[in-house]
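The values are calculated or read from the model by the stated rules, or taken from the named source; none is laboratory data. These numbers were taken from a predicted model, which means no experiment stands behind them. Positions of Cβ are backbone-derived with ideal geometry, glycine not excepted, and every protein chain shown enters the neighbour counts. The protein model used for the area step is the full one, side chains on, heavy atoms only, and it has no ligands, DNA or RNA in it. Shrake-Rupley method; radii C 1.70, N 1.55, O 1.52, S 1.80 Å.
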Amino acid sequence: RYDAHYRVLAPSSPLLGDYYKRGLLWNEFEKRFRAEIAQRPEAVNLLRMITQLAHSQNITLLCREDGPEICHRRILAEECKRLAPSLVVVPY
């Protein structure tokens, strides 16, 4: 078992502030978060690495949100799936 925390895969503080404190709608949060990830080469590379590892072992993405519907981990999982369409993603 290997646990790691990668801040580069988290939403930025300004984005989180807009969502939690200023009432940013989820669809706008999701659009902005996807743009943030795309602008971070280290995040894209890390998602590629996670995707490669996921072919040989289970990977779990964690967050403080209760479910994946409105959570950045779902967006990250979808990005991994986009990189590797054969990847199986199981939401919790």
Collect the residues in segment 7-48 that are surrounded by 11 or more Cβ atoms within 10 Å (Cβ to Cβ) and among the polar types (S, T, N, Q), keeping them in residue-number order. SER12, ASN45
What are the residues in segment 1-24 that are within 27 Å of MET49 (Cα to Cα), without any contact (Cβ under 8 Å) to a residue 24 or more places away in the chain and either touching a strand residue (DSSP E or B) at 6+ places or on another chain (Cβ under 8 Å) or assigned to a loop (DSSP other than H, G, I, E, B) (or both), if any? ARG1, TYR2, ASP3, ALA4, HIS5
Candidate set from segment 37-92 (those that are at pLDDT below 85 and among the acidic types (Asp, Glu)); member that is farthest from HIS5 (Cα to Cα): GLU69
Checking ALA77 against (1) over 19 Å from VAL89 (Cα atoms); (2) open to solvent by less than 70 Å² (accessible area, probe 1.4 Å); (3) under 13 Å from the mean Cα position of the chain (by Cα), which single condition isn't satisfied? (1)
Quickly run through segment 54-64 and pick out the residues that are surrounded by fewer than 13 Cβ atoms within 10 Å (Cβ to Cβ) and among the hydrophobic types (A, V, I, L, M, F, W, C). LEU62
I'd like the residue in segment 80-90 that is of a type outside the set (A, V, I, L, M, F, W, C) and within 20 Å of LYS31 (Cβ to Cβ) and, out of all such residues, is surrounded by the most Cβ atoms within 10 Å (Cβ to Cβ). LYS81
Residues (touching a residue at least 24 places away in the same chain (Cβ under 8 Å), basic (Lys, Arg) and in a helix (DSSP H, G or I)) located in segment 25-58: ARG34, ARG48
